[in-house]
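Take a look at the structure below.
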Ligand code: SF4
């Protein structure tokens, strides 16, 4: 039980909260495999699985290869309708026995809990990520938060084992105040952790857009009052249920912006494939409407127009590159171009994380780089801002280049090299920009595939003593909050 005092909104905050109107949404979600196994889904939806596929999945129930134990099955009617015209979309939400064939992977990818000074908050860089909910409108099979969504128990650094908890406003606000006060009193860096001011917070989960407008507003108001400079909302709801971005939601954002005009808002959206928002003709081609504009799904277009009309907010797309979903340069080219055309920035593409069973979803690192590089050929500079990132335990790392010729005089480079660069350190920022060069291994899907091929490593990607450094940082970060 927390002994943090109850959070009381300020008068300005309460005035904003009093304007919020909640909508009632009907996503017509299909939850779990049971409705398919028991034939309780509408006739049209039955095509999602064949009888033979259901028999195979049913046979795994209760075994360690149970696909629903790894990641709960869920889709919306909207996403199902899209999947009728797109195999990649169907693959994104459809469970298969193959996904639990190899259960190799990390229970807590990236050792996230090393950076959790308060339940539900990960404090990395100058930024905090909060788990505010543990579900989404639909569930991606490749989800790298599968441990949160399937409510698995995770071992913490202190050896305790528990499910990941959700962030609560009083504890988070308390932590922000105490961290930022210590930073301010120490000339701009925290005396123990060395971190700067906590100035950005990402609302994540799960998908915060599953919460009501009132709950989202409560977070936006509390974080703005706590001195956070920029707030991010991470969401895939534009793909799963675009009607969620209705007038009540947009008005709530407008009222929040009117109350806190100096606080930035970034919507971090998650489209994996253009089939999630573009319409196709009967031949399966995207429909051109003149001047290169492709026809959007009307619900998604309405939502996107409402968001992009608010120029004070930025919209950034980020997506992992996933086997059988979007490992397709042509699809990614269409997506990057179509998004930039309506004012969405292409932020990151990711190599999949080393989650449990990642081998079913991850594309080899060098292949992911090739796919993204191919997809960006023929696009303009502003359409190709996205970088390929892979999250090392040490921080966010860019896959900058993959070469195919030997470097003269450098042994081990006969087949070319891969160049990684640290974009952001998880703990503090001294290693930003440092590189690591390894000899190629086209099979590698994680850093460990290169551990015997390191040529040059100023970034320290292969000499990182996780436990000691992370423990120090986490302990130091916790100290002022007590
Ligand atoms: S939307 Fe994101 S958090 Fe939700 S299931 Fe998909 S990958 Fe996971």
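What follows draws every value from the coordinates through simple rules; no lab data is involved. None of the values given here were measured: they were computed from a predicted structure. Here the Cβ is made from the backbone with ideal geometry for all residues, glycine too, and neighbour counts use every protein chain on show.
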Plugging the Cβ-Cβ distance of residue 400 and residue 341 into 1/(1 + (r/R0)^6) at R0 = 22 Å yields, to the nearest 0.05, a FRET efficiency of 0.25
Between region 1-70 and region 382-423, the alpha-carbon center distance in angstrom: 38
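Provide the gained length on full extension for the span residue 247 to residue 87, in nm with one decimal, where the gain is 0.36 nm per separating residue minus the Cα-Cα distance.
54.4 nm
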Simple label model, 7 Å out from Cα along Cβ direction - residue 463 to residue 382, nm: 4.4
Within region 88-125, what residues put their amide N at less than 14 Å from the label point 7 Å along the Cα-to-Cβ vector of residue 59? 97-98, 101
Could I have the simple spin-label model distance between residue 39 and residue 330, label points 7 Å from Cα toward Cβ, reported in nm to one decimal? 3.9
Would you mind classifying region 8-144 by shape? Square roots of the alpha carbon gyration tensor eigenvalues, ordered a ≥ b ≥ c; an a/c under 1.5 is rounded, otherwise it is prolate if a/b is larger than b/c and oblate if not. oblate
Region 277-297 and region 193-233 have their Cα centres apart by a whole-number Å value of 36
Take the Cα of residue 26, step 7 Å along the line toward its Cβ, and report every residue of region 70-95 whose backbone nitrogen sits under 20 Å from that point. 75-82
Yeah, the chain with a ≥ b ≥ c from its alpha-carbon gyration tensor (a/c under 1.5 is rounded, else prolate when a/b outruns b/c, oblate otherwise) is rounded
Per 0.36 nm of contour for each residue apart, how much would the distance between residue 119 and residue 295 grow if the chain were fully extended, relative to their Cα-Cα spacing? 59.0 nm
Only helical DSSP H runs with n ≥ 4 go in: add -39500 (n - 2.57) per run for the chain, normalise by residue count and round the 222 nm mean residue ellipticity to 500 deg cm²/dmol. -8000 deg cm²/dmol
Multiplying the sequence separation of residue 46 and residue 313 by 0.36 nm and subtracting their Cα-Cα distance, what value in nm do you get? 92.1 nm
Ranked highest first by the average count of other Cβ atoms within 10 Å around their residues, in what order do 51-64, 441-454 fall? 441-454, 51-64
